[in-house]
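The structure under discussion appears below in the form of structure tokens.
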Amino acid sequence: MGFEITKETYAGAIKNITIGKGDGALTVGGQTSYPFYQFEGDMPNKPIIAMEIWDMEPEDWPEAAKAPFKDVLNDPVAWAKKCVDEYNAQAIVLQLKSTDPNDKDASADDAAQTVKKISEAINVPLIVWGSAVPAKDSEVLKKISEVCDGHNLVLGPVEEKNHKTIGAAAMGYGHTIISSSPIDVNLAKQVNILLENLGVSLDKVIVDPTTGGLGYGLEYSYSVMERLIQAAMTQGDDKLQNPMINNLGNEVWKCKEAKQPVDEAPELGDPERRGILMEAVGAVSYLMSGSSILIMRHPESIKLVRSFIDLAYA
Amino acid sequence: MALTGIQIFKLLPKTNCKECGVPTCLAFAMNLASGKAELDSCPYVSDEAKEQLAEASAPPIRPVALGKGVRKTATGGETVLYRHEKTFFNPTVLAATVSSDTDLAALDTKLKIYNAFQYERVGLNLRPELLVVKDAGNGADAFAAVAEKIAKESEFNLVLMTEDAAVMKAGIDKAGFKRPLLYAATEANADEFGAMAKEAELPLAVKADSVEALIPLTEKLTGMGLKDLVIDSGSREIKQALEDQVAIRRAALKAGNKALGFPTIVFPCEMASNLDMETLIAGMYVAKYGGIVVMSDFATESLFPLLLERLNIFTDPQRPMTVTEGIFEINNPDENSPVLVTTNFALTYFIVSGEIEASKVPAWLLVKDSEGLSVLTAWAAGKFGGDDVGLFVKKCGIMDKVKHQELIIPGYAAAIAGDVEEELPGWTITVGPREAAHLPAFLKARK
Ligand code: B12
Ligand code: SF4
């Protein structure tokens, strides 16, 4: 008797969502099975990797992460171009670190100018990640929406607390939203429902389930993503059928072991290769739990993960 | 299929003698059904009933014990497809390959290097468990010598990898005492390898060229009386291998397929041409159902991330790792040393104490029970509020140990400063840095 694989029955699929504009636009999501389970469904769009840049020179990045960008760390436009031209970035994520009220507290106008310049300088989708301080993000992302009218930026994180302002602005000026919640299926659904009630189409929403670093609570994010996908696909919950994004580089490179130099942790070997593989293994975990967009930092880990995706997808 | 309480009850003596610790046989049966009791607690069940119960309660995927000594481990025994449904029990076993033509002096060096790959984290020692001795075709003696050296001189446990029965026999003679896994029985040699594993009472890997082709082989071997099997569906291409892992896990758990109810072994070392890519592929099988994952080599930079991933994926989702509440002395503090407070989430504690230690500044670290939650999570969940923290500082006994009245709280908990102050009149509440990484500079700058 022949062996038949026990197949999952799916009641729903992940939405196809297009980010960016013109020939630079890209579609993510669209899968009709669990991540990489191509024997029982399709994965029309490979997960993509968005390269991370900051709007101010990072002070706490380890040497290994800074080295490839040494010449551009204080110039976000040049940095973005380098990612695209030299490393073939599929998308760029600008982390608006300078706007953090606990830090430099840069103004919404300044941030909007930076975003506009970058957006005009590159031909790949641009994702803009705020300071994660809800009130400040409200102000900053709203301004950016206006100034970059029609660019179809991806703006986040948008939380329950600031969904109204950012939601309305994004809707008005044609941007996509990252709906964000702290590792919880119900809260993720809640933010999406609130956005929908406001009039935002869920076809313009990417979900950020909150990302834990490798060894720093990755398992919580991993499981909540599996549960979100189950709700979306096997239970057919149409409020959760959105592609997911993971702000991974930021979490991984913050870990103590990703930062320690050789003299502090000789047993951990070469700090550069260690950090690269920590980021890449973290990425694989998130790919297996359903990520459609991974935000990553080091060109080498990005290269590795892209080849991994190609292999797994072949 | 699991039996219900009533079905189990029918097999018990029904005397209600209470020796099992509960008032009735029915109560005991219910506990058995829900996994809260062990059958051994009832001294009166008949052998026949025992057999039936054992059969019915056998886990859908057999747990297989591997090796001996400090790196003894087990694989299999999983009961769910997704970790949030219950938990994953036996972390993916990590292995590297050693060829039987490795020169013994070089092996000596290699073992020393491999042995150093151990990492302390959240109170656990993270390290790999296995070395695969791979037959390079240079004879039984060479194979046995390499296996023997690893078995005797290192903590590592072994997989003996050859399809030549004479070579395997030599390996078992020299290294069998350490309970190696024999790799592998195939369609061609199943009788011979099965007999060898049975005689030596060792676990046996079974290799076929598809999931389907594994079934008659494991049936044949279990028919011979073998129980401890590990299965390899033969695919060396990652897409197919992932499908196979899922097919096997679902067959065992969802379709009750006993012939596939065994842990798996996968070979990233045969799926990529460099260790970095092997590492990523291994990462995929740590998440998706690899029982044993075999790499070509161990390097600290590739092992460490995999060990972290494994730690995360195999953490029990119902129980965050914790440390006990109390006062921790770091770098021999005295009555003038600073006092810091944090939560009892193991990860938080280890990061914070690690940084204080690294600063070389003597300090008292107070760990408050927050049900295993991190600072921000505990604060958001109301387990690290100002009054609680204040009360805890009063009660924990630190006031008898120091002369000063200053408490350093985590930067992320700045919001509780006012409430702590209210609870601790006369004390100065200092808000420390947010990230523990900034603690050394912060502590040193205080002098
Ligand atoms: C994993 C996680 C969880 C896990 C719990 C993990 C755990 N055991 O704690 C789960 C999924 C259960 C969870 C639940 C919740 N969570 Co949560 N969670 C996180 C996450 C992703 C990581 C937390 C973590 O483990 N950090 C690692 C540890 C080591 O960090 P830490 O304890 O803070 O320690 C650091 C510093 O504080 C410092 N430090 C520590 N001690 C000390 C002491 C001194 C003296 C000093 C100076 C420094 C210092 O050193 C450490 C390293 O730098 C964070 C987001 C994030 N990236 O931080 C959200 C987060 C903490 N969660 C949040 C929330 C809101 C919740 C929930 C209330 C919501 C919900 N989902 O239901 C619940 C509450 C839990 C409950 N029981 O009800 C919010 C808190 C927001 C806020 N400021 O109020 C966060 C920030 C997410 C967000 N952006 O919204 N969460
Ligand atoms: S020990 Fe056995 S016989 Fe006695 S009450 Fe318990 S189950 Fe029944």
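Across the stretch B:10-31, which residue is nearest to the other protein chains (Cβ to nearest Cβ) among those that are part of a helix (DSSP H, G or I) and within 9 Å of ligand 2 (Cβ to nearest atom)? Don't jump to the end; show me each part of the working.
Step one: of the stretch B:10-31, the residues part of a helix (DSSP H, G or I) are B:10-11, B:25-31.
Still in the running and within 9 Å of ligand 2 (Cβ to nearest atom): B:25-29.
On the way: B:25: 36, B:26: 35, B:27: 34, B:28: 34, B:29: 31 Å.
Within the stretch B:10-31, the match that is nearest to the other protein chains (Cβ to nearest Cβ) is B:29.
Filter the strands (runs of 3 or more DSSP E) completely within the stretch B:118-212 down to those with at least 1 residues that are within 26 Å of residue B:233 (Cβ to Cβ) and among the polar types (S, T, N, Q).
Details: elements: B:119-121, B:124-126, B:130-134, B:157-161, B:181-185, B:204-207.
Output list reads B:157-161.
With the requirement that a residue be over 34 Å from the mean Cα position of the chain (by Cα) and among the hydroxyl-bearing types (Ser, Thr, Tyr), what does the stretch B:378-428 give you?
Within the stretch B:378-428, just B:428 meets the criteria.
If residue B:97 satisfies every condition in (1) in a strand (DSSP E or B); (2) of a type in the set (S, T, N, Q); (3) within 16 Å of ligand 1 (Cβ to nearest atom) but one, which is the exception?
The failed condition is (3).
Does the stretch B:339-350 contain any residue that is assigned to a loop (DSSP other than H, G, I, E, B) and either buried (at least 20 other Cβ atoms within 10 Å of the Cβ) or within 16 Å of ligand 2 (Cβ to nearest atom) (or both)? Give the derivation first.
Let us first name the residues in the stretch B:339-350 that are assigned to a loop (DSSP other than H, G, I, E, B), namely B:344.
If we keep only those that are either buried (at least 20 other Cβ atoms within 10 Å of the Cβ) or within 16 Å of ligand 2 (Cβ to nearest atom) (or both) as well, we get B:344.
Within the stretch B:339-350, one or more residues are assigned to a loop (DSSP other than H, G, I, E, B) and either buried (at least 20 other Cβ atoms within 10 Å of the Cβ) or within 16 Å of ligand 2 (Cβ to nearest atom) (or both).
What number of residues within the stretch B:321-341 satisfy the criterion of being within 10 Å of ligand 1 (Cβ to nearest atom) and in contact with a strand residue (DSSP E or B) (Cβ under 6 Å, 6 or more places away or on another chain)? First the steps, then the outcome.
Taking the stretch B:321-341 first, the residues within 10 Å of ligand 1 (Cβ to nearest atom) are B:321-322, B:338-341.
Still in the running and in contact with a strand residue (DSSP E or B) (Cβ under 6 Å, 6 or more places away or on another chain): B:338-341.
The number of residues fulfilling the criteria is 4.
Of all residues in the stretch A:28-48, which are buried (at least 17 other Cβ atoms within 10 Å of the Cβ) and more than 14 Å from chain B (Cβ to nearest Cβ)?
Of everything in the stretch A:28-48, those that are buried (at least 17 other Cβ atoms within 10 Å of the Cβ) and more than 14 Å from chain B (Cβ to nearest Cβ) turn out to be A:28, A:29, A:31, A:45, A:48.
Of everything in the stretch B:39-65, what is of a type in the set (D, E, K, R) and in contact with a Leu (Cβ under 8 Å, 6 or more places away or on another chain)? Give them in sequence order. Before you say what the answer is, go through the steps one by one.
First, the residues of the stretch B:39-65 that are of a type in the set (D, E, K, R): B:40, B:47-48, B:50-51, B:55, B:62.
Scanning the stretch B:39-65 gives B:50, B:62.
How many residues does the stretch A:52-72 hold that are closer than 22 Å to residue B:438 by Cα and in contact (Cβ under 8 Å) with a residue 40 or more places away in the chain? Show your work before the answer.
Residues of the stretch A:52-72 closer than 22 Å to residue B:438 by Cα: A:54, A:56-66.
Subsequent filtering for residues that are in contact (Cβ under 8 Å) with a residue 40 or more places away in the chain retains A:54, A:56, A:60-65.
Residues flagged as closer than 22 Å to residue B:438 by Cα and in contact (Cβ under 8 Å) with a residue 40 or more places away in the chain within the stretch A:52-72 amount to 8.
Does residue B:322 fit the bill of being farther than 24 Å from residue B:239 by Cα and either modelled with pLDDT under 95 or more than 10 Å from every other protein chain (Cβ to nearest Cβ) (or both)? Quick ask: steps written out before the conclusion?
Details: farther than 24 Å from residue B:239 by Cα: yes; either modelled with pLDDT under 95 or more than 10 Å from every other protein chain (Cβ to nearest Cβ) (or both): yes.
Criteria met by residue B:322.
Do we have residue B:81 as touching a residue at least 40 places away in the same chain (Cβ under 8 Å), within 14 Å of chain A (Cβ to nearest Cβ) and away from ligand 1 (no atom under 16 Å from the Cβ) here? Steps first, please.
Working: touching a residue at least 40 places away in the same chain (Cβ under 8 Å): yes; within 14 Å of chain A (Cβ to nearest Cβ): yes; away from ligand 1 (no atom under 16 Å from the Cβ): yes.
In short, yes.
Go through (1) of a type outside the set (Asp, Glu); (2) farther than 29 Å from residue A:223 by Cα; (3) within 16 Å of ligand 2 (Cβ to nearest atom) and name the single condition residue B:97 misses.
(3)
Only one residue in A:210, A:234 is surrounded by fewer than 24 Cβ atoms within 10 Å (Cβ to Cβ) and closer than 24 Å to residue A:127 by Cα, so which one is that? Walk me through it before giving the result.
Numbers: A:234 fails: closer than 24 Å to residue A:127 by Cα.
Just one listed residue meets the conditions, A:210.
Would you mind stating whether residue A:314 is facing another protein chain (nearest Cβ under 7 Å), surrounded by fewer than 19 Cβ atoms within 10 Å (Cβ to Cβ) and modelled with pLDDT under 95?
yes
Here is a check on your reading of the model: is residue A:12 surrounded by fewer than 16 Cβ atoms within 10 Å (Cβ to Cβ) and assigned to a loop (DSSP other than H, G, I, E, B)? First the steps, then the outcome.
On the way: surrounded by fewer than 16 Cβ atoms within 10 Å (Cβ to Cβ): no; assigned to a loop (DSSP other than H, G, I, E, B): yes.
Answer is no for this residue.
Does residue B:92 qualify as being within 16 Å of ligand 1 (Cβ to nearest atom) and under 30 Å from residue A:222 (Cβ atoms)? Before the answer, list the steps.
Numbers: within 16 Å of ligand 1 (Cβ to nearest atom): no; under 30 Å from residue A:222 (Cβ atoms): yes.
Against the criterion (within 16 Å of ligand 1 (Cβ to nearest atom) and under 30 Å from residue A:222 (Cβ atoms)), residue B:92 does not qualify.
To keep it simple, each residue is scored yes or no on (1) farther than 22 Å from residue B:308 by Cα; (2) at pLDDT 95 or above; (3) surrounded by fewer than 21 Cβ atoms within 10 Å (Cβ to Cβ); (4) of a type in the set (A, V, I, L, M).
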{"site": "B:93", "(1), (2), (3), (4)": "no, yes, no, yes"}
{"site": "B:103", "(1), (2), (3), (4)": "yes, yes, yes, no"}
{"site": "B:106", "(1), (2), (3), (4)": "yes, yes, yes, yes"}
{"site": "B:110", "(1), (2), (3), (4)": "yes, yes, yes, no"}
{"site": "B:118", "(1), (2), (3), (4)": "no, yes, yes, no"}
{"site": "B:122", "(1), (2), (3), (4)": "no, no, yes, yes"}
{"site": "B:137", "(1), (2), (3), (4)": "yes, yes, yes, no"}
{"site": "B:140", "(1), (2), (3), (4)": "yes, yes, yes, yes"}
{"site": "B:155", "(1), (2), (3), (4)": "no, yes, yes, no"}
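What number of residues within the stretch A:201-225 are acidic (Asp, Glu) and either closer than 15 Å to residue A:256 by Cα or within 14 Å of chain B (Cβ to nearest Cβ) (or both)?
Initial filter on the stretch A:201-225 (acidic (Asp, Glu)): A:203, A:208, A:219.
Narrowing the set further to residues that are either closer than 15 Å to residue A:256 by Cα or within 14 Å of chain B (Cβ to nearest Cβ) (or both) leaves A:219.
Summing the residues that are acidic (Asp, Glu) and either closer than 15 Å to residue A:256 by Cα or within 14 Å of chain B (Cβ to nearest Cβ) (or both) in the stretch A:201-225 gives 1.
Tell me, which helices (runs of 4 or more DSSP H) wholly within the stretch A:101-188 include 3 or more residues that are modelled with pLDDT under 95? So that I can check it myself, show each step before the final result.
Values: elements: A:108-121, A:134-147, A:163-173.
Those helices (runs of 4 or more DSSP H) do not exist here; none qualify.
Of everything in the stretch A:222-271, what is modelled with pLDDT of 95 or more, among the polar types (S, T, N, Q) and farther than 19 Å from residue A:29 by Cβ? Give them in sequence order.
A:223 - this is the single residue of the stretch A:222-271 that is modelled with pLDDT of 95 or more, among the polar types (S, T, N, Q) and farther than 19 Å from residue A:29 by Cβ.
Out of everything in the stretch B:32-64 that is surrounded by 16 or more Cβ atoms within 10 Å (Cβ to Cβ) and farther than 30 Å from residue B:251 by Cβ, what residue ends up being farthest from ligand 1 (Cβ to nearest atom)?
B:45
Under the condition of being at pLDDT 90 or above, touching a helix residue (DSSP H, G or I) at 6+ places or on another chain (Cβ under 6 Å) and among the hydroxyl-bearing types (Ser, Thr, Tyr), which residue from the stretch B:349-378 is farthest from ligand 1 (Cβ to nearest atom)?
Restricting to residues being at pLDDT 90 or above, touching a helix residue (DSSP H, G or I) at 6+ places or on another chain (Cβ under 6 Å) and among the hydroxyl-bearing types (Ser, Thr, Tyr), the top hit is B:370.
Kindly indicate whether any position in the stretch B:156-178 is out of contact with any Pro (no Cβ under 7 Å at 6 or more places or on another chain) and free of Cβ contacts under 8 Å to residues at least 24 places away in the same chain.
Looking through the stretch B:156-178, none of the residues is out of contact with any Pro (no Cβ under 7 Å at 6 or more places or on another chain) and free of Cβ contacts under 8 Å to residues at least 24 places away in the same chain.
Go through the stretch A:288-311 and count every residue that is within 10 Å of another protein chain (Cβ to nearest Cβ) and closer than 19 Å to residue A:87 by Cβ.
Result for the stretch A:288-311: 8.
The values are calculated or read from the model by the stated rules, or taken from the named source; none is laboratory data. These numbers were taken from a predicted model, which means no experiment stands behind them. Because the Cβ atoms are built from the backbone with ideal geometry, glycine has one as well, and the counts that use them run over all protein chains shown.
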